[in-house]
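First comes the structure, then the notes that go with it.
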Amino acid sequence: MDVKALLNQMTLEQKVAHLSQFIARCIVHDEGGDITGPSRNLSLTDEELASCGSVLNVAGAEHSIATQKRHLEMDPNKIPLLIMHDVIHGWRTLYPIQLGLGATWDTDIVERCSRMSAREASAGGVHVTFAPMVDLVRDARWGRNMESCGEDPYLCARMSEAQVKGFQGDLGDKTSVCACVKHFAAYGAAEGGRDYNSVDMSEHTLREYYLPAYKAAVDAGVGMVMASFNTINGVPSIANKWLLDDILRGEWGFNGPIISDYSAFRELKNHGFSTGNKESARLAIEATADIEMMSNCYVKNLCELVAEGVVKESQIDECVLRILELKNKLGLFENPYRNADPELEKALALCEEHRAIVREAAEKSAVLLKNDGVLPLSADLTKIAIIGPYANMGMIGAWACHGIADEAVTVYEGVRALNPNATITLAEGFKGDLNEEPDYKMIKEAVKVAKKAQAVILCIGELSEQSGEARSRADINMSKAQIELVKEVCKANKNTVCVVFNGRPIILTDIIDTVPAIFTAWQPGTEGGNAIANLIFGKANFEGKLPMTFPRHQGQVPLYYNYLNTGRPVVGAKDRFYSGYIDETNDPLFPFGYGLSYSSFEIGKPEFSANEMTREDSVTVSIKVKNTSDVAGKATLQLYIRDLYASLTRPVKELKAFKKLSLDAGEEQTVSFEITEEMLKFHTASGKYEAENGEFRIFVSDCSNTEEYATLILK
Ligand code: NOJ
């Protein structure tokens, strides 16, 4: 399609309307009704609605097809709609939430999950997914931790590109969907962990830690970018010309459409950044924002701004062209319905192949935090208790798209399938409310059930709806009811295993000494119960590693491994005049990169090909890794670097590479990493991105808390 010719045939009014996005229900009510709701509130004319360029939220293939059909009947230019949706961790078949994906440290399974999700979503009539969300997170209170791959820029960047590759593949292939990386930028740094809150940070911190994962998506060819709700240093992202035009388009060369978050244009007034919708439209177009989601600042004001000479028509043309070009890449002009197909959608939903992928992801994402020998449970048990209200509930997490909790395998169902002859007894123990006080009647009942069983599986943590958008928590401790229950059940039965469901790090300090074994399963998705049962009974091995630090106390938040040393570090402190607390240590309960397995690994000393390097060469580090157990397993080798002295203070450790190794029982392998100049670079005091000469410490281990290092000199 010659999109320029198409642009030339559009009137200014039609072009402006093309920049709007409304919910699909504005076009075809998914319950068969007429145009209602938001479109009325937005007071759209029939002409404005007819020329709108994209919609969000479709109920499935039939709705998508009906919406496109109706639109094409109405649009004088017959330009197909872009149909978008939040396909975050699956369409109907759900994989674990992104924090769980981060815990896999496995870009291959992440890419396969995204691919699977694209297949289902495209059959459901979706062209663009509002994913991946790659906001770096350091504050466990923020509800949207669950959507992120964690606290580390390098890990988040690798997961970001894996998701983009998986969703998009080749955009010309109709089983792909275009990815829209979000929320640009630094939304995860919302002050106090409060959703939608402001972000105030230096450009150095922004570039060093927060931007790499978005940049990785752009480098992987992401088709769209969503600007974040938050301000950065006083400027809301959708009106931030420096962020969107200078950095994203200018420095990174991104030339696809930029979309706002939901009604973010209109919210510029609430921020106190614009006096009203007309000024918001001017600010956003100056920042090169292309699509306005669910408000009417562009559609109602841009023509007037052009007439007044404030905005040039060519600015609007550029926005429309970017949208038309994406439609062209997706093949919508040839086939506006693309892969939408009710039969295919039905056939793919929860199909065996997709279930196998999400089950594998759920197994890989679980992180074993403690095991004093209770796990794995024996296959010969005849009496098993499963306690907690989540025992027989589908744990699919927030942003579950068209997934249905009742379709997900529960822990009870998973354990039952593996142990068809065992007697399995359930008890609730608590209700699952936040800040819940113990109900001693329920606890007594649970203890009774625990006493009669040979082993107990105790399901605790957060419900799906206790994390997600607008679900920040001031208190990230477990409820008193859960703590009391854990204590009493563990007293009653020493063979107790705790499964924690969570969308963020929660404080496990009060129970960690009591429980014999505990692992986090996050919100594991459709196959959660099967994956959990496989892990508990040793049919699968644990290999997950924490993508976020688990604090010991919520007062430590934000707590992350790549902190700056300060002038008064705790290490070696002899008095209280150091950077710490008088009532708590700085140590986390579980550090970033931590996770146990049924295998045990011996990690040798790193050997270097040289102890010095120049910018022209590189150094190879090799480490022997041995599986010293009699169980095959996977070790995750993590390479951290510390730049000891620099023009700006550098973190005590930074992840620069990782590799997963499969090792049979007793097997030994040598793993090598190449250290290049690129890995030593940072945003220096002079504003450049470069490596400075000097001393670097290199750490290789299977957790971030290692203190063993070797020194490398860059000359
Ligand atoms: C608001 C959320 O912040 C964003 O992540 C999402 O994509 C949009 N709503 C659309 O649902």
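The values are calculated or read from the model by the stated rules, or taken from the named source; none is laboratory data. Computed from a predicted model, the values in this text were never measured in an experiment. Using ideal geometry, Cβ is built from the backbone for each residue, glycine included, and neighbour counts are taken over all protein chains shown. For the accessible areas, the whole protein counts, side chains as well, though only heavy atoms, and no ligand, DNA or RNA atoms are used. Shrake-Rupley method; radii C 1.70, N 1.55, O 1.52, S 1.80 Å.
May I ask for the net charge around GLY544, where only other residues with Cβ less than 13 Å from the Cβ of GLY544 are counted and Lys, Arg are +1 while Asp, Glu are -1?
Cβ neighbours under 13 Å give a net charge of -1.
Under 16 Å between alpha carbons, and skipping anything fewer than 8 positions from LYS15 in its own chain: which lysines qualify?
LYS4, LYS78, LYS300, LYS312, LYS327
Within the set of other residues whose C-beta is less than 14 Å from the C-beta of THR520, count the net charge using Lys and Arg as +1 and Asp and Glu as -1.
Net charge in that neighbourhood comes out at +1.
Working from the alpha-carbon coordinates of the range 67-222, get Rg over Rh, Rh being the Kirkwood radius.
1.02
In debye, nearest 20, what is the charge dipole magnitude of the range 356-556 about its Cα centre with +1 on Lys and Arg Cβ and -1 on Asp and Glu Cβ, if you could check?
So the dipole magnitude of the range 356-556 works out to roughly 560 debye.
Rounded, prolate or oblate: pick one for the range 356-556, where a ≥ b ≥ c are the square roots of the eigenvalues of its C-alpha gyration tensor, a/c under 1.5 means rounded, and failing that, prolate if a/b is larger than b/c, else oblate.
Here the range 356-556 falls in the rounded category.
Can you sort GLU707, GLU616 by solvent-accessible area, 1.4 Å probe, largest first?
The most accessible residue leads, giving GLU616, GLU707.
Which listed residue (PRO376, VAL447, ALA710) has the Cα farthest towards the positive end of the charge dipole for the chain, taking +1 on Lys and Arg C-beta and -1 on Asp and Glu C-beta about the Cα centre?
Positive-most Cα among the choices belongs to VAL447.
Shape call for the range 575-676 from the C-alpha gyration tensor, a ≥ b ≥ c root eigenvalues: rounded (a/c under 1.5), prolate (a/b greater than b/c) or oblate?
oblate
What whole-number volume per residue, in cubic angstrom, does the convex hull of the C-alpha atoms of the chain give?
So the per-residue hull volume is 165 Å³.
Please enumerate, by chain and number, the lysines with C-alpha under 25 Å from the C-alpha of LYS659, excluding those fewer than 8 residues away in the same chain.
LYS165, LYS215, LYS364, LYS370, LYS539, LYS545, LYS605, LYS624, LYS626, LYS634, LYS681
How do SER237, SER597 rank by accessible surface area computed with a 1.4 Å probe, from largest to smallest?
The ranking, largest first, comes out as SER597, SER237.
Taking the Cα centre of the chain as the origin, how large is its charge dipole in debye, to the nearest 20, when only Lys and Arg (+1) and Asp and Glu (-1) carry charge on their Cβ atoms?
Computed charge dipole of the chain: roughly 1180 debye.
Does the range 311-375 come out rounded, prolate or oblate by the C-alpha gyration tensor, with a ≥ b ≥ c the root eigenvalues, rounded set by a/c under 1.5 and, if not, prolate when a/b is larger than b/c and oblate if not?
oblate
Working only with C-alpha atoms, what are the Rg and Dmax values of the range 268-387, expressed in angstrom?
Taking only Cα atoms of the range 268-387, I get Rg and Dmax of 26.7, 80 Å.
Calculated from DSSP H runs of 4 or more alone, at -39500 (n - 2.57) each and per residue, what is the 222 nm mean residue ellipticity of the chain, nearest 500?
Value at 222 nm, helices only: -8000 deg cm²/dmol.
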